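Working notes, beginning with the structure itself.
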Amino acid sequence: MDKLYIIIPAYNESENIENLINDWYPIIEEHSGGGESRLVVIDDGSKDSTYELLCELAKERPLMKPITKENGGHGATLLYGYRYAIENNADYIFQTDSDGQTNPSEFKGFWQEKDNFDAVIGSRVHRGDGRRRKFVEDAVCFLLRIIFGVKVKDANAPFRLMKTALVDKYIDKLPTNFNIPNIIFTTYFVYHNEKVKFMPITFKARQGGTNSINIKKIIKIGWKAIGDFIELKKHIDD
């Protein structure tokens, strides 16, 4: 049976975390992989009670694995989770975020495509988190087209099913603390003509708590990303 690892980074999500687990644990139960699949929620050094709540929730959920680490940011936490899945011989990695913006019921459609594609990536046609976030995503996709020559519908959607072997193929091209790995994974997959499908997903407003990434941080990340993209492009064919 296919071994699935659902990877979810979390930072100061005490308001959302119980609902998150209630939403996603049935998915991992349904795709238990003979008891080997895991719902892996990685606390990125939260200052609230996120990790303590995760540990409590895991007591009656044997397929759930709470992990905590020093704060390193969303991107570093994603890479930590992906490497954890690789080290534990998962067959598939699914990633989403902990803010309740994605819909677990849409996972089924992605899973049905797993034998046809190496990666199935969400496309946020309508975004519940506002026009500014949509503008940022459009700007990112424009930069990827200019710098890498790739055309993608949504580079950074936190709703993606990937064969672990595909993630393993590209993960060592990125620094361990790279802050936007999903964007570069999407770019690599499309640039190298991997079998990728983009599927529309719903994307709600944050369901509770405060987003730690504000517009000021987005602009700072964006300026750094341009330099990172140019540098990564130099070695994309290595």
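The values are calculated or read from the model by the stated rules, or taken from the named source; none is laboratory data. All values derive from a computational prediction rather than experimental measurement. Glycine gets a Cβ as well: all are built from the backbone with ideal geometry, and neighbour counts include every protein chain shown. All accessible areas refer to the heavy atoms of the entire protein, side chains included, with ligands and DNA or RNA removed. Shrake-Rupley method; radii C 1.70, N 1.55, O 1.52, S 1.80 Å.
Data for the structure
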quantity: Whole-Hz ³J(HN,Hα) from phi, Karplus 6.51 cos²θ - 1.76 cosθ + 1.60, for the stretch 186-196, glycine and proline x; calculated: 4, 4, 4, 4, 6, 4, 8, 6, 5, 7, 10
quantity: Cα gyration tensor shape for the stretch 122-174, rounded if a/c is under 1.5, else prolate or oblate; calculated: oblate
quantity: Accessible area of the chain belonging to carbon and sulfur atoms, whole % at 1.4 Å probe; calculated: 50
quantity: Extreme residue, positive dipole direction of the chain, given options 14, 179, 1 (C-beta unit charges); calculated: 179
quantity: Spatial extent of the chain: Rg and Dmax, with the Cα atoms as the point set, Å; calculated: 16.8, 49
quantity: Heavy-atom accessible area ranking, 1.4 Å probe, most first, across 133, 124, 160; calculated: 133, 124, 160
quantity: Relative contact order (%) - criterion: Cα under 8 Å, at least six apart; region: the chain; calculated: 24
quantity: Relative contact order for the stretch 1-47, counting Cα pairs under 8 Å that sit 6 or more residues apart, in percent; calculated: 62
quantity: Kirkwood hydrodynamic radius of the stretch 65-142, Cα pairs, Å; calculated: 15.1
quantity: For the stretch 1-102, accessible area per residue (1.4 Å probe, heavy atoms of protein chains only), Å²; calculated: 42
quantity: Filter on 195/224; 151/233; 114/169; 108/197; 151/195; 173/224 - keep pairs with C-alpha separation over 19 Å; calculated: 195/224
quantity: Probe 1.4 Å, protein heavy atoms only - accessible area per residue of the stretch 109-154 in square angstrom; calculated: 58
quantity: Per-peptide average of other Cβ atoms within 10 Å, ordering 26-35, 136-145 highest first; calculated: 136-145, 26-35
